[in-house]
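The values are calculated or read from the model by the stated rules, or taken from the named source; none is laboratory data. Bear in mind the structure is a predicted one, so any value in this text is a computation, not a measurement. We place every Cβ from the backbone using ideal geometry, glycine too, and count neighbours over all the protein chains shown.
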Amino acid sequence: MSKSSANLRIVASNDPLTARENLARAFRNSMTEHLRAHTHGTNVNSETLLTTDYLNHFNEIIMLLELVPSAPAQFASELAEWEHESYEEHFTHSGFRDKELAIICYRNAPEDVRRAFDSSVADLEQEMVLLLHKVQDMINTGDTQGLTSLCTGSVPRLQELVQIAAGIVNGALPGNDLNAEDGKAASSMTATQSDVDALFD
């Protein structure tokens with residue numbers, strides 16, 4: 001019996017709801033295995049069914065934030081135009097070669113992986129939006145000293161959050177004992193967050 005066929009075996013149950021749940025779970029597992037077979041030769045991780053290419057959506061704006069203090073007026077409009085895009089929105093609008101595969105893989109990613117990834121992206125988006133509002137205010141008021149301090153203190157935090165999301169894409173789920181290095185990163189990130197919070201006050 002093939003692996004996909006085995007996934008579709010349903011445990012007998014007198015409870016119709018349980019039977020439907022088992023069927024849905026088996027179908028999802030079968031779909032996951034099918035998609036994994038199509039990720040070879042692409043940037044989609046075969047285990048998590050996610051790709052770090054989505055994180056370029058954040059990396060590009062982080063690069064701009066590093067440059068802003070040197071020429072605030074030059075980059076102000078680009079920062080103002082940035083809008084958060086979901087994973088599916090990003091690939092729908094991108095020229096990514098395997099964007100259709102990336103979207104369907106995301107929809108069928110393992111639930112624990114998808115949950116952890118979405119949570120990390122939500123944290124990243126929240127901090128990014130808050131920072132961009134603060135940066136725009138300082139550009140508008142001409143507070144170049146405050147702008148430099150804010151960007152210098154905040155960019156490393158955003159980069160840490162991107163690395164956490166990238167780690168999840170590559171199979172490093174938060175709380176996994178096998179990821180000692182990620183734990184060290186999270187610990188160092190706490191101190192960085194305190195510095196950033198102080199800048200926002």
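Data table
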item	result
Region 96-124 residues that are closer than 13 Å to Asn45 by Cβ, paired with ones that are surrounded by fewer than 17 Cβ atoms within 10 Å (Cβ to Cβ) and acidic (Asp, Glu) (beta carbon under 7 Å, 6 or more apart)	Tyr106/Glu88
Test: Ala19 is modelled with pLDDT under 70 and either in contact with a strand residue (DSSP E or B) (Cβ under 9 Å, 6 or more places away or on another chain) or among the hydrophobic types (A, V, I, L, M, F, W, C) (or both)	no
Selection within region 72-83 - in contact (Cβ under 8 Å) with a residue 24 or more places away in the chain and out of contact with any Leu (no Cβ under 9 Å at 6 or more places or on another chain)	Ala73, Ala76
Residue within region 73-83 that is polar (S, T, N, Q), assigned by TED's automatic domain parsing to the domain that holds Asp143 and at pLDDT below 95 present	yes
Check on Asp177, surrounded by fewer than 21 Cβ atoms within 10 Å (Cβ to Cβ), over 24 Å from Leu64 (Cβ atoms) and modelled with pLDDT under 95	yes
Residue count, region 101-124 (criterion: surrounded by 21 or more Cβ atoms within 10 Å (Cβ to Cβ) and within 15 Å of Glu33 (Cβ to Cβ))	2
Condition met for Glu160 (in a helix (DSSP H, G or I), in contact with a Ser or Thr (Cβ under 8 Å, 6 or more places away or on another chain), in the same structural domain as Gln74 (by TED's automatic domain parsing) and not hydrophobic (A, V, I, L, M, F, W, C))	yes
Options Asn45, Asn56; residue that is without any contact (Cβ under 8 Å) to a residue 40 or more places away in the chain and either farther than 12 Å from Cys105 by Cα or of a type in the set (S, T, N, Q) (or both)	Asn56
Test: Gln136 is in contact with a Leu (Cβ under 9 Å, 6 or more places away or on another chain), under 15 Å from Leu65 (Cα atoms) and surrounded by fewer than 17 Cβ atoms within 10 Å (Cβ to Cβ)	yes
Leading residue by the ranking (surrounded by the fewest Cβ atoms within 10 Å (Cβ to Cβ)) among those in region 139-164 that are of a type in the set (Gly, Ala, Ser) and over 22 Å from the mean Cα position of the chain (by Cα)	Gly142
